[in-house]
Amino acid sequence: MLKVLFIGGTGVISSQSTRLAVERGINLTLFNRGRASRSIPPGVRLLRGDIRDIETTEVMLGGETWDAVVDWVAYTPEQVSDDIRLFRGRTGQYVFISSASVYQTPPSFLPITESTPLVNPYWQYSRLKIASEERLLRAYRAEKFPMTIVRPSHTYDETLIPIHGRYTVIDRMRRGEKVIVHGDGTSLWALTHSSDFAKGFLGLLGNSHAIGETFHITSDELITWDQIYLDLAQAAGVEANLAHIPSEVIAAYDPEWGASLLGDKTYSKIFDNTKVKRLVPDFSAAIPFSHGAREIIAWYDADPARRVVDESFNQLTERILLAAAQSWPAK
């Protein structure tokens, strides 16, 4: 039986991996602050603490060891360095959750493989993930620290509407208002349900062939951004009124939104998942986004408290739409 430690383990991406790990009989411990809204499956051991409090964490961990340790929440090379200190000699495998946004943006070639260069001049989030990967690679080369790097792409569950603005966009659709889609809406994208991601991910844990390697895990379904919005609208029982706005214009009004577009979502991303399938031959992504969209809307409709409308995002949307109408008046 594999003995595994998840740092985090209750988030959008990780919670399904936690559930599936229990189903597969993995001896699982979660180390987190214990504040998550998602329930922890029976049989999972919980250690409450702040992994960034190194001295206290070292005392809590004592002399315990694991077959694999997964840090779902590390974000910076400094945090990865702390993990190396904490788990050096304590684990047979350390897994860092990076991001597929680290790949060259815009990509020179498609499909993207794990050997695609890592360079993203637009998004600080991605640059920090790249620096974190580089820190791990140095540790692997210098001391054979048993690392594995996993790069999820855009992964969601029923609680996450995978578009900027979240439920506010659904509310606008239901009121017949225009919603913004970046570019012309035709760029290709991969949305991966977290339960599909979990199937590929868990097959890497305790796998000696994964040591020193990097993997992305994504759905093979290709979908345009227009279709993502249309699937959500159909699930919500309405027709979508789409307004196409260049990413550069959006970035001028909202730098954070713009960074996530220019640093990732503006460009078509097609991933070759051959590498992870070679090590995990039973991995396949079975949930199309049309199904995922219905699951999402059902979750939000089940509780009015979940349907939070952000008026500041509404106002931002109206400002961008007004500026676009003045710049490109209808003929």
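Taken over the stretch 197-211, residues that are of a type in the set (Gly, Ala, Ser), at negative phi and not in a helix (DSSP H, G or I) amount to 1.
For every residue, the table says whether it meets (1) among the acidic types (Asp, Glu); (2) under 30 Å from Ser39 (Cβ atoms); (3) assigned to a helix (DSSP H, G or I); (4) touching a Ser or Thr at 6+ places or on another chain (Cβ under 8 Å).
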| position | (1), (2), (3), (4) |
| --- | --- |
| Phe109 | no, no, no, yes |
| Lys129 | no, yes, yes, yes |
| Arg138 | no, no, yes, no |
| Arg141 | no, no, yes, no |
| Ile149 | no, yes, no, yes |
| Ile161 | no, yes, no, no |
| Gly165 | no, yes, no, yes |
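Going by the conditions given, is Ile51 in a loop (DSSP other than H, G, I, E, B) and more than 21 Å from Asn207 (Cβ to Cβ)? So Ile51 passes the test.
Identify, please: which residue in the stretch 280-308 is surrounded by 15 or more Cβ atoms within 10 Å (Cβ to Cβ) and among the β-branched types (Val, Ile, Thr) and is, among those, farthest from Ala198 (Cα to Cα)? Across the stretch 280-308, the extreme among qualifying residues is Ile297. Restricting the stretch 65-89 to residues that are assigned to a loop (DSSP other than H, G, I, E, B) and in contact with a strand residue (DSSP E or B) (Cβ under 8 Å, 6 or more places away or on another chain), which is surrounded by the fewest Cβ atoms within 10 Å (Cβ to Cβ)? The qualifying residue surrounded by the fewest Cβ atoms within 10 Å (Cβ to Cβ) is Thr65. Do we have Val169 as assigned to a strand (DSSP E or B) and either under 26 Å from Asp231 (Cβ atoms) or in contact (Cβ under 8 Å) with a residue 24 or more places away in the chain (or both) here? Against the criterion (assigned to a strand (DSSP E or B) and either under 26 Å from Asp231 (Cβ atoms) or in contact (Cβ under 8 Å) with a residue 24 or more places away in the chain (or both)), Val169 does not qualify. Only one entry of Ile223, Ile217 meets the criterion of being more than 17 Å from Ile163 (Cα to Cα) and either without any contact (Cβ under 8 Å) to a residue 60 or more places away in the chain or out of contact with any Cys (no Cβ under 6 Å at 6 or more places or on another chain) (or both), and that entry is Ile217. Exactly one residue among Gly258, Gly292, Gly263 is on the phi < 0 side of the Ramachandran plot, free of Cβ contacts under 8 Å to residues at least 12 places away in the same chain and under 21 Å from the mean Cα position of the chain (by Cα), and that residue is Gly258. Per the conditions (1) under 23 Å from Gly292 (Cα atoms); (2) buried (at least 17 other Cβ atoms within 10 Å of the Cβ); (3) in the same structural domain as Ile320 (by TED's automatic domain parsing), the sole criterion not satisfied by Gly183 is (1). When the residues of the stretch 35-63 are narrowed to those that are β-branched (Val, Ile, Thr) and surrounded by 11 or more Cβ atoms within 10 Å (Cβ to Cβ), which ends up nearest to Gln16 (Cα to Cα)? Within the stretch 35-63, the match that is nearest to Gln16 (Cα to Cα) is Ile40.
The number of residues in the stretch 297-328 being touching a Lys or Arg at 6+ places or on another chain (Cβ under 8 Å), within 19 Å of Gly183 (Cα to Cα) and hydroxyl-bearing (Ser, Thr, Tyr) comes to 1. Could you tell me which residue of the stretch 172-196 is farthest from Gly237 (Cα to Cα), considering only residues that are outside any helix (DSSP H, G or I) and among the hydroxyl-bearing types (Ser, Thr, Tyr)? Only one residue tops the list, namely Ser187. Each residue in the stretch 15-48 was checked for being in a loop (DSSP other than H, G, I, E, B) and in contact with a Pro (Cβ under 6 Å, 6 or more places away or on another chain), and 0 of them qualify. Within the set Ala251, Ala259, the sole residue that is under 18 Å from Pro106 (Cα atoms) and modelled with pLDDT under 95 turns out to be Ala259.
Filtering Ala324, Ala298 for residues that are more than 26 Å from Ser101 (Cβ to Cβ), under 22 Å from the mean Cα position of the chain (by Cα) and in a helix (DSSP H, G or I) leaves a single hit, Ala298. When the criteria are applied in full, Val12 fails the requirement of being out of contact with any Cys (no Cβ under 8 Å at 6 or more places or on another chain) and either part of a strand (DSSP E or B) or farther than 29 Å from Trp299 by Cβ (or both).
The values are calculated or read from the model by the stated rules, or taken from the named source; none is laboratory data. Note that the structure is predicted; figures quoted are calculated from it, not measured. Glycine also receives a Cβ, built like all others from the backbone with ideal geometry; neighbour counts cover every protein chain displayed.
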